[in-house]
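Below is one structure, written out as structure tokens; the observations come after it.
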Amino acid sequence: MTLAWSLSEVGVKWFEDAIDKLIGWFQDGLADGYNAVTAQVFGTPTPDTGGGFVFGTPSNTPWDEIHSSLVAGEIMLLALLLLVMCVQGRHAIRIFNIGSAYEARKVKRSAWTGAFLIVTWYWIAVLALYLVDGFTIALIPDISTVTETMIDLLSVTISNPLLALFLTGVGAIAMWALQALFFLREIMLYILIYAMPIGIALTYGNLPVVSHIARTVCLKFVPLAIMPLPVALLFKGYELLFSEGADSTLIPDSSFLSYLIAVTLPLLSIIIVWKLFAYASPMTTKLIGATAKGAMTAGAIVGAGAVAGPSAAATTAMWGPKAAAGYSAASKMRQRESPTSPDDASSSTGGGTDHDNVATDAYGQEGVPAYRRTENDPGYY
């Protein structure tokens with residue numbers, strides 16, 4: 001008995017140490033994320049021209065390659081050639097009486113617009129990025145002030161270790177995801193700026209299906225470019241409410257609420273960025289969402305099979321966790337309402353069905369079907 005009690009104490013102590021270790025890891029990750037968050041993280045990549053003229057030849061990588069390809073380079077020439085081919089293809093379709101004269105004139109006007117955008121796209125993109133970067137610098141607060149306040153709020157201790165583990169885990173994962181999404185944003189901006197002339201050529205070529213797809217891809221540049229602006233406004237609001245110069249009454253005395261404030265800043269930021277990123281790159285977000293949903297469904301299948309049997313597991317695989325929960329609850333209710341065993345039920349019914357021996361004849365003997373009329377019973381004659 002003493003040995004069993006000692007083993008249980010060791011197990012409890014090991015579990016508590018494991019929880020404390022996980023909380024410490026997540027706290028370190030969240031604090032390191034706050035220390036790594038600077039104005040450069042929310043910055044927008046812009047070409048370095050080495051002077052006041054922002055539309056000059058850039059000297060930094062990869063803007064020098066982008067400039068040489070988009071300004072009288074191979075990408076511009078390829079896009080113009082592709083635009084001419086798309087317009088001629090549209091006219092070829094007109095030969096077979098597909099379309100109308102109005103659509104032919106519309107294609108001609110849109111082709112001139114597309115050619116103008118292809119030639120001037122580099123300067124349009126650079127101007128848009130400079131504007132976004134300027135507004136971000138104007139809106140974003142002193143990052144060090146906000147991060148120091150949030151790290152101070154993380155120093156409080158929550159009495160419930162599971163709650164502390166949940167909050168720190170959510171905050172750390174949100175901080176890591178925020179940094180990853182801004183890194184992916186920069187990569188996708190370079191790719192979109194480089195490949196946009198080809199997308200413009202396909203968009204203004206007015207081919208039936210290809211133009212719609214190309215237009216959808218080209219519009220993804222807008223949410224990617226403006227992504228830092230709502231995050232900068234969120235950090236500005238947190239600085240206004242919870243910085244050292246703000247009223248101290250806004251910071252609650254509760255350890256849980258103080259911890260919640262420090263955790264919700266990266267969480268709200270990731271929600272805002274995820275919405276914009278989902279619009280800009282729906283395939284990536286759908287893939288991540290499908291992976292998470294598949295993992296959750298697989299766990300629910302295993303849990304339902306262990307709790308309510310193979311039928312609940314099959315219901316989970318076919319209809320999802322919600323249907324399995326309802327199925328399991330209904331099964332438990334049926335088991336509570338009918339405590340008798342199957343052997344007792346079969347012995348009480350005699351192994352027959354409910355429709356056997358449902359009527360009697362004139363002599364009181366069973367076996368007459370219910371559809372028989374009594375006046376036709378031989379016992380009456």
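In segment 126-252, inverting the average of 1/r over every pair of distinct C-alpha atoms gives 17.9 Å as the Kirkwood radius.
With a Förster radius of 41 Å applied to the beta-carbon distance between Asp20 and Lys275, the computed FRET efficiency rounds to 0.70. In loop segments of segment 182-276 as defined by DSSP, the GluC sites (Glu not before Pro) with at most 11 further C-beta atoms inside 10 Å of their C-beta are Glu244. Please work out whether segment 132-196 counts as rounded, prolate or oblate from its C-alpha gyration tensor, where a ≥ b ≥ c are the square roots of the eigenvalues and a/c under 1.5 means rounded, while otherwise a/b larger than b/c means prolate and anything else oblate? Oblate.
Computed over protein heavy atoms with a 1.4 angstrom probe, the accessible surface ordering of His212, His67, His91, largest first, is His212, His91, His67. In this view, the solvent-accessible surface of Arg105, computed with a 1.4 Å probe and all protein chains in place, comes to about 130 Å². For Glu65, the accessible area of its heavy atoms, probed at 1.4 Å with every protein chain present, is near 110 square angstrom. For Trp176, Trp112, Trp274, the ranking by accessible surface with the largest value first comes to Trp112, Trp176, Trp274, using a 1.4 Å probe.
The values are calculated or read from the model by the stated rules, or taken from the named source; none is laboratory data. Because the structure is a prediction, the values reported are computed rather than measured. Neighbour counts run over all protein chains shown; Cβ positions are idealised from the backbone, glycine included. Ligands, DNA and RNA are stripped out before the accessible areas are found, and what is left, the full protein with its side chains, is counted by its heavy atoms. Shrake-Rupley method; radii C 1.70, N 1.55, O 1.52, S 1.80 Å.
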